[in-house]
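Scroll down for the structure; my scribbles are underneath it.
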Amino acid sequence: MRKSKAFKPTVAALAVAALSGASVVAIASFDEKEGALGATPPKVAAASAAELWRTPEVAPKAADPSTWTLPIRAYQVNGNDVHRTLLSAAQAKKAAACLDRFGVAAPFTAPQSWAEAAPAAHAGPKNGMDVRYGDHDLAKVSAYGYGWPDDAQAAPQGARSLGADAELSPEAELALYGPGGRTGKAAARTAAAPTVNGKAVPAAGCAGETDQALVGRTRTPGVLDTSEDAITKLERRSWDSMLTDPRTLAVFAKWSSCMKTKGFDYKDPWAANDDPRWAASAGRSPEAIATATADVTCRNAFAVSETMHTVESDWQQRLLKENPKVAADARGYTQRVMAQVDATLGR
């Protein structure tokens, strides 16, 4: 079934989330041409590691939403698949080096370069943009409906790191998270100055030390940086505005009429995708497959995803122009963080 209507992760949270508990939202890479506040498009860390690892599409492929982007992606770290993945790798590398000082083996994989950070291909969505506007691949829905192959539910290779179910020795947990534990809320340990193998542990452990080095502060689990929180709110507004924009409503009406000619009665694509009848089969029942096949056929006939993308891009450009301080703060934060990431991964 659809991984995300707008802001739920579609790619497994990487080391940045595992190390700090920071919330993430999924989406795609950055295209300078769409990131403009005015006539001159902003650049986020010129020739950054992100650009080397995954060059933004100059001419996105119409039939492949995974090559599309949105203006606000240029202003985000956690909201940008490439930036978030590279930050995750840098977090893991620094945290592993910190743990090594305490004689503790890192209980996660630590990429040593931007190239090693790239997740291997897997059977699920290529990135957040791939399914932001719903299914589009007729071959996929003809086989799996609104669902995905079983192996698509697992995190891609390279995206696995520390998780809530990780088995940590007391020493590893203390070194990694400090006396507060992985949630930051555990009761303080009895030792006034906790140590591991005779060395004093940082107040927030290696995870906190890593955060401080890369993002300039020790983050609260589940809380975004202030500038990222503000730009994410603009993103949510752009999504909501897109859904009620006359252009979107008009194309939804065309889609709905097309579906009726095929024997299906839904007011919009989300109603079809989120039909509660699909829950028991994870969207892969014969009925779901038939519905999804008609859905994508009608989507493609009337360029539903393309229209949604165009409308949302328009709204994001408008909101960025109307909120220059939010945009400038978020851009500055992204530049600072990605500069540290590039330096850590050997750019």
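Is there a residue in the range 261-274 that is exposed (fewer than 15 other Cβ atoms within 10 Å of the Cβ) and polar (S, T, N, Q)? Yes: one or more hits.
Elements of the type helices (runs of 4 or more DSSP H) sitting completely within the range 271-347 and holding at least 3 residues that are among the basic types (Lys, Arg): these cover 324-344.
Every test in (1) at pLDDT 95 or above; (2) surrounded by 15 or more Cβ atoms within 10 Å (Cβ to Cβ) is passed by Ala282 save one, and that test is (1). Determine, yes or no, whether Val141 is in contact with a Lys or Arg (Cβ under 9 Å, 6 or more places away or on another chain) and touching a residue at least 40 places away in the same chain (Cβ under 8 Å). Here the answer is no, as Val141 does not meet what is asked. The numbered conditions (1) modelled with pLDDT of 85 or more; (2) of a type outside the set (Asp, Glu); (3) out of contact with any Pro (no Cβ under 6 Å at 6 or more places or on another chain) are all true for Met129 except (3). Answer with yes or no whether Ala253 is over 19 Å from Asp137 (Cα atoms), free of Cβ contacts under 8 Å to residues at least 12 places away in the same chain and assigned to a helix (DSSP H, G or I). When the stated conditions are applied, Ala253 passes them.
Check Ala117, Ala95 and return the single one that is modelled with pLDDT under 85 and surrounded by 20 or more Cβ atoms within 10 Å (Cβ to Cβ). Just one listed residue meets the conditions, Ala117.
Every listed requirement among (1) in contact with an Asp or Glu (Cβ under 8 Å, 6 or more places away or on another chain); (2) closer than 30 Å to Gly198 by Cα; (3) assigned to a helix (DSSP H, G or I); (4) not hydroxyl-bearing (Ser, Thr, Tyr) is met by Ala74 save one, (2). Taking Thr293, is it open to solvent by 30 Å² or more (accessible area, probe 1.4 Å) and β-branched (Val, Ile, Thr)? Against the criterion (open to solvent by 30 Å² or more (accessible area, probe 1.4 Å) and β-branched (Val, Ile, Thr)), Thr293 qualifies. When the range 158-185 is filtered for residues that are of a type in the set (A, V, I, L, M, F, W, C), modelled with pLDDT of 50 or more and outside any helix (DSSP H, G or I), the ones remaining, listed by number, are Ala166, Leu168. Criterion applied to Ala330, Ala292, Ala272, Ala343 was being touching an Asp or Glu at 6+ places or on another chain (Cβ under 8 Å), hydrophobic (A, V, I, L, M, F, W, C) and farther than 20 Å from Lys140 by Cβ, and the one residue passing it is Ala330. The listed residues are Ala139, Ala105, and the only one of them that is closer than 19 Å to Ala290 by Cα, exposed (fewer than 15 other Cβ atoms within 10 Å of the Cβ) and not β-branched (Val, Ile, Thr) turns out to be Ala139. The single condition among (1) under 25 Å from Glu322 (Cβ atoms); (2) out of contact with any helix residue (DSSP H, G or I) (no Cβ under 6 Å at 6 or more places or on another chain); (3) surrounded by 15 or more Cβ atoms within 10 Å (Cβ to Cβ); (4) in contact (Cβ under 8 Å) with a residue 24 or more places away in the chain that Arg236 does not meet is (3). For the range 242-249, the count of residues that are under 19 Å from Leu138 (Cβ atoms) and more than 25 Å from the chain's Cα centre (by Cα) is zero.
The values are calculated or read from the model by the stated rules, or taken from the named source; none is laboratory data. Since this is a predicted model, take the numbers as computed values, not measurements. Heads up, the Cβs are rebuilt from the backbone with ideal geometry, glycines too, and the neighbour counts pull from every protein chain shown. Side chains included, ligands, DNA and RNA excluded: accessible areas come from the protein's heavy atoms. Shrake-Rupley method; radii C 1.70, N 1.55, O 1.52, S 1.80 Å.
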